[in-house]
Amino acid sequence: MSGLVLTPLQPALSSISCPSSSEDDPYDPTITDQNSAEIVGSRVFGNRQRCLPDKAPYHPLDVHTRLQNHPTLESMMKLNYCVLFTDYVQSCKYESCRFLVATRNIKADEIIIDAEEALAVGPKQATHPVCLNCYRRVDGTYLCPRCQWPLCSEVCGQLENGLHQKFECEVLASQNAHPTKEELEQDDCRLYDCITPLRIVLDNHSHPDRSRLWLGLEDHRLYRQKVGIWHVDHQTVVDPVRIKWQLGESINEEELQRACGILEVNAFEVCDDEKTISARAVYSHACLMAHDCVPNTACSVNPATQRMTVRAAVDIPAGQMITTSYTFTLDGTLRRRSHLKETKFFDCCCPRCCDPTELGSHLSSLACPRCSGRNYTVPEDPLNPASYWKCQGEKCGNRIGSSQVNQLLSCLQRKADELNYDDFQGLEIFIETWSSSILHPNHSLLIGIKYYLCHFYGNAPGFLLKEMSLRFLIRKMKLCEELLNIARILEPGASNFHCSLLKEFELAENELAERVTTTEDEEEEENDFETIHDE
Ligand SMILES: C[S@@+](CC[C@H](N)C(=O)[O-])C[C@H]1O[C@@H](n2cnc3c(N)ncnc32)[C@H](O)[C@@H]1O
């Protein structure tokens, strides 16, 4: 492990000129109270430049060429990354255009960002009731003695430095603002939506020095105003805080909307393996990573400290963007792109999205109805949801309209949503029924179920590794192999997805080896016994 990244700027680096650096610039190296990264490129913050034509796909190589020509790159080689400001943007709707770029060759598994402290942490939207300090589920039996919001226990209730005590407790107590018993019984208690934005606003009020860090975060204000989300945030956050809790005099709508926007665009999910902890957090450096549907990093958040560590999943050459994925790797292009548009407000045009076969992984491919499943049908223009789909078979070339494809997919999605995940046989039947003749065996509708089954076999009660029959052990290994082939394309290297599959495969392989050895030993014993007996 090497490469601590967030080291304070070295003198040589701090002299790099930062075009039109202004007082409000949160990435001005002289003002950050955290460790800092370097900044290069042309400035768009506060002076947003018009950009390349709509949908010009971005390509990391372009950035590489730019950086190679950048006079200060050499002096920046000591840092792992810099924040690149650029007028190079993907579409006119892409309002913000800073991203992290490797300033030297980074080896797979190297730490790029080491345990970055969160700028803000708090409950997720529409969450079940959680403790406002440790984000574990609560049932409302222990209430904060001061504000009456549920906490998990006295331990969290008496924390002096807990975020709850530090931020909202006093304000909520003064307004007698707490959820009712009925609200706490809901699985999506919307009052929790207000807590994290409220923390950001209160942080800004009490630490004007830190407010400059907040200023630097994208909130997609203009786009959010145009679409429904602005209105939803008004109902779920602005009105409850300002009207229901009567904080309207000290907190204005603008700052609450800005906090909501920052969270929607930038927050990472915080959870533990057992899913007992559920929260969201914002990081000033990690959240500058651009999205790519084939990310080159693996991110992890320590659920107890909420610190974020970013590692290189693969070798990242100097000049290449450092990327993470904001969406689900195992979703097909249509779904990923609409999820990114809805939640992060941009049209992804990464190489995977632009490729009809998703880089050969075939997560969206359908069996051609005319070739009876011998060839696969893929979108002619994967960036256009209304595109025709065409059979890849050289002699066939059969085309299907997007509405027909959508109809088929919605119908299969409904069937998939109805599946009972405790019934492994039902899942296997679903895979068998739709695989090959209708969907590519790697289709996202099937691959999600295969991923579930690959963990189910070997870990679920009644299917523990030692107890499982040979048939299921071999099935587990086959599923692992299929998924590993996809992981190698879509999340290569030391990604969480790839590593978890490798682990499952190795466990199954070792178990198989043990069984083979035991059987051989038993056979040998039997032979010995027979020989002795014969003698
Ligand atoms: C978490 S922020 C990343 C930092 C952001 N670029 C900034 O300057 O503040 C997420 C936003 O960055 C932009 N973005 C990230 N990856 C992108 C990509 N691959 N293509 C287009 N826009 C992207 C989108 O506007 C997205 O909503």
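The values are calculated or read from the model by the stated rules, or taken from the named source; none is laboratory data. Everything numeric here is computed off the predicted structure, so don't read it as measured data. Cβ placement follows ideal geometry from the backbone for every residue including glycine, while neighbour counts extend to all protein chains displayed. Heads up: the accessible areas ignore ligands, DNA and RNA and are worked out on the full protein's heavy atoms, side chains in. Shrake-Rupley method; radii C 1.70, N 1.55, O 1.52, S 1.80 Å.
Things worth noting here:
- Some residue of the range 277-286 being assigned to a helix (DSSP H, G or I) and within 16 Å of the ligand (Cβ to nearest atom): yes
Condition check ((1) within 11 Å of the ligand (Cβ to nearest atom); (2) crowded, with 23+ Cβ neighbours inside 10 Å) across all residues:
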position: Val314; (1), (2): no, no
position: Arg335; (1), (2): no, no
position: Thr343; (1), (2): yes, no
position: Cys349; (1), (2): yes, no
position: Pro356; (1), (2): no, no
position: Ser364; (1), (2): no, yes
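- In summary, Tyr326 fulfils each of the numbered conditions (1) within 16 Å of the ligand (Cβ to nearest atom); (2) farther than 24 Å from Ile229 by Cα; (3) open to solvent by 40 Å² or more (accessible area, probe 1.4 Å) with the single exception of condition (2).
- Number of the condition not met by Pro179 [criteria: (1) away from the ligand (no atom under 16 Å from the Cβ); (2) open to solvent by 30 Å² or more (accessible area, probe 1.4 Å)]: (2)
- Out of Glu154, Glu168, one residue alone is modelled with pLDDT of 90 or more and surrounded by 18 or more Cβ atoms within 10 Å (Cβ to Cβ). It is Glu168.
- Within the range 366-418, considering residues that are aromatic (Phe, Trp, Tyr) and open to solvent by 40 Å² or more (accessible area, probe 1.4 Å), the one nearest to His443 (Cα to Cα): Tyr376
- Residue in the range 374-385 that is touching a residue at least 12 places away in the same chain (Cβ under 8 Å), away from the ligand (no atom under 16 Å from the Cβ) and among the hydrophobic types (A, V, I, L, M, F, W, C) present: yes
- Residue match in the range 288-298 (condition: open to solvent by 20 Å² or more (accessible area, probe 1.4 Å) and either more than 13 Å from the ligand (Cβ to nearest atom) or within 15 Å of the chain's Cα centre (by Cα) (or both)): yes
- Scanning the range 312-321 finds one or more residues that are touching a Phe, Trp or Tyr at 6+ places or on another chain (Cβ under 6 Å) and not assigned by TED's automatic domain parsing to the domain that holds Cys152.
- When Asn496 is tested against (1) free of Cβ contacts under 8 Å to residues at least 40 places away in the same chain; (2) open to solvent by 70 Å² or more (accessible area, probe 1.4 Å), exactly one condition is not met: (1).
- Hey, Glu254 among the charged types (D, E, K, R), away from the ligand (no atom under 15 Å from the Cβ) and modelled with pLDDT of 95 or more or not: yes
- Residue in the range 140-147 that is open to solvent by less than 20 Å² (accessible area, probe 1.4 Å), over 24 Å from Ser300 (Cα atoms) and modelled with pLDDT of 70 or more present: yes
- Boolean, Asp355 is within 30 Å of Asp219 (Cα to Cα) and without any contact (Cβ under 8 Å) to a residue 60 or more places away in the chain: yes
- Candidates Ile243, Ile262: the one that is over 14 Å from the mean Cα position of the chain (by Cα) and within 16 Å of the ligand (Cβ to nearest atom) is Ile262.
- Top-ranked residue in the range 203-240 [being in a loop (DSSP other than H, G, I, E, B) and open to solvent by less than 30 Å² (accessible area, probe 1.4 Å); ranked as farthest from the ligand (Cβ to nearest atom)]: Asp219
- Every test in (1) closer than 15 Å to Leu172 by Cα; (2) modelled with pLDDT under 95 is passed by Arg199 save one, and that test is (2).
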